Structure formats: structure tokens, C-alpha cells
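Engineer: Below is the structure I would like to discuss, written out as C-alpha cells.
The values are calculated or read from the model by the stated rules, or taken from the named source; none is laboratory data. The structure displayed is predicted, hence computed values, not measured ones. Side chains are part of the model used for accessible areas, which takes the heavy atoms of the whole protein and leaves out ligands, DNA and RNA. Shrake-Rupley method; radii C 1.70, N 1.55, O 1.52, S 1.80 Å.
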Amino acid sequence: MCRMILAHGQFDAAAVLEAARAMSCGETATHDGPIKQHPNGWGCLWLDQGHIRTLHGTGTFADALPGIDIEPLRHSRFLAVHVRHATLSKNQGIEFSHPLWRTSGGTQWYMMHNGFLPTIFAQLGMTESRFDSAEYLQYIVDQVTPADFTRDYLRDKMARVAPGGSSANAIFVTRDKAWAWQWHPDDTPYPDYFSLHHYQNNSTTFISSEPIAALGATSDWRRMSNHEFHEFPFGE
């Protein structure tokens, strides 16, 4: 399970990174889930003059943050950060740090995922799961173009997946657009933990696994509905 945050528009990149660090350490955890700390890897993705840049690491984001050069991020209008708690201890290391990426139909897709989807491998014709998040990315993007990437498409795809998963919450990114998507089973025992939170003012949008008071007043954060979907075109 993981925590993640997306910033679009005008924002302080250092403050967004600090928000991710606070979530990774459990400092903002007021949810109902049993996992409060997320020490098993991290990743950043940002927009740089029309190009997607990424940075990955293992270990804790708190340890890594002082060494990250934030200058390349300061003028970006899109930033996403992911901090990870490995559901399966075998799935640790740089290759498991998000964002994951995959090329399909000539489009390079990136994804950050919060949740565990141990049954999705069957949709790919596999005999067993190797890494559920990578299988989720493949399942979602291999049969779609960015123009057809909609809430209805995602809902239909997840409706075909066998029960047993905890959440498909994700941030998807291509060179031209990003999307944030919330999905968890209706009978999840931890609806607070698996609910994303939305903040918006005239110039900035944040979507975060937890509301971050340092980025905006608590009263201005809104808990997202299940299956809620947001699209962020770049260049507008």
C-alpha cells in the first residue's frame, strides 16, 4: 500500500515533496487503515518543458529528500510523488518503485498506484502474479489510446477483475495529459485509507492520499467519491 500526491498548476514544489515525506512517515495519518508508514521506496514524476522526467529511489523518502535537487522541479506545472509500503516483502527494490512505465501503441504511459490487486494477473492470461501494480498498468493501457481513456473505460475494466483486491487508486500520465482515478471495492474495510482527497483554488489542484493542511486549509480539502476521475491536460 502506498501514499501519493499530485500537484497541477502553480505550486511550491518543495512543499509538495515535504507533504509526501510527512505522509511517508505517518505524520498526517488520520485514516482508518493499519498502515501508517511507507518506507519501501519512492518516486517523483514532473513535467519539464513538454518532457516527462522521473526520479526513483529505494528506502525511505525522508532519508532521500535532503539529497534531491529540487531546482528542476521549481518551474514545473505538474508534479506527482509516490511513497511505498510493499504489500509483499519480496517486491522491494528499485524496479518496484513507482512510477512504473510501459509503452503501448506508441504512447509512453506512467503510473503510480495505491493498493493491492492480486487477482488482476488472470486478465493477462498469466498463471500467477509477479507484481500486481505492473500487471495493473499492462491491463489498463495495452488496449486503449489516451483519447479513449475515460472513467467509463476504467470502470468497465475493473468490473471484469475477480474480487480480492484492495484498491486501484492511480495517477496515470502521458506526455500530453495526466489522470487521477479512485477505485476500491464497495465493501472495503478501510474506506478512509483508500479515499483520495481533492483540493482546488484558482491556480492549483492537489490530489492526495491524505489531506495536507500545510498545502491548504483542512476545510478546503474534499474527500473524493469512489470511481471519481480527474483529467489534467498539459499545455493549457
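Engineer: Where the centroid of each part is defined by its Cα atoms, how far is segment 22-51 from segment 206-229 in Å?
Structural biologist: Cα centroid to Cα centroid, the span is 14 Å.
Engineer: Something else: How high is the relative contact order of segment 52-197, in percent, counting Cα pairs under 8 Å that sit 6 or more residues apart?
Structural biologist: Normalised by residue count, the contact order of segment 52-197 is 21 percent.
Engineer: How much solvent-accessible surface does Ser133 expose, in Å² to the nearest 10, with a 1.4 Å probe and all protein chains in place?
Structural biologist: 10
Engineer: Using the 2.2 N^0.38 Å rule of thumb for compact globular proteins, work out how segment 76-198 stacks up: its C-alpha Rg over that value, please. Don't skip to the end; give the middle numbers.
Structural biologist: Details: Rg = 13.9 Å, N = 123, 2.2 N^0.38 = 13.7 Å.
Segment 76-198 yields a ratio of 1.02.
Engineer: Cross-link candidates for Lys90: which lysines have Cα within less than 25 Å, leaving aside residues fewer than 8 places away along the same chain?
Structural biologist: Within reach: Lys36.
Engineer: What residue among Tyr193, Tyr110, Tyr139 has the largest mean-square fluctuation in a Gaussian network model of the chain, using Cα springs under 10 Å?
Structural biologist: Residue with maximal mean-square fluctuation among Tyr193, Tyr110, Tyr139: Tyr139.
Engineer: For Lys36, Lys90, give the ranking by accessible area with the largest first, probe 1.4 Å.
Structural biologist: So the residues, ranked largest to smallest area, are Lys90, Lys36.
Engineer: Sticking with this one: P(r) of the chain in 5 Å steps, Cα pairs, percent per bin?
Structural biologist: Here the calculated profile for the chain is 1, 7, 15, 20, 22, 18, 11, 5, 1, 0.
Engineer: Any idea of His227's accessible area? Nearest 10 Å², probe 1.4 Å.
Structural biologist: 30
Engineer: Another question, if that's okay. Could you put Phe194, Phe229 in order of accessible surface area, largest first, with the 1.4 Å probe and the full protein assembly present? Walk me through the intermediate numbers first.
Structural biologist: Details: Phe194 5, Phe229 45 Å².
Order by accessible area, largest first: Phe229, Phe194.
Engineer: Hey, another quick one. Could you state how much accessible area Asp192 has, in square angstrom rounded to the nearest 10, with a 1.4 Å probe and all protein chains kept in place?
Structural biologist: My reading of the accessible area for Asp192 is about 60 Å².
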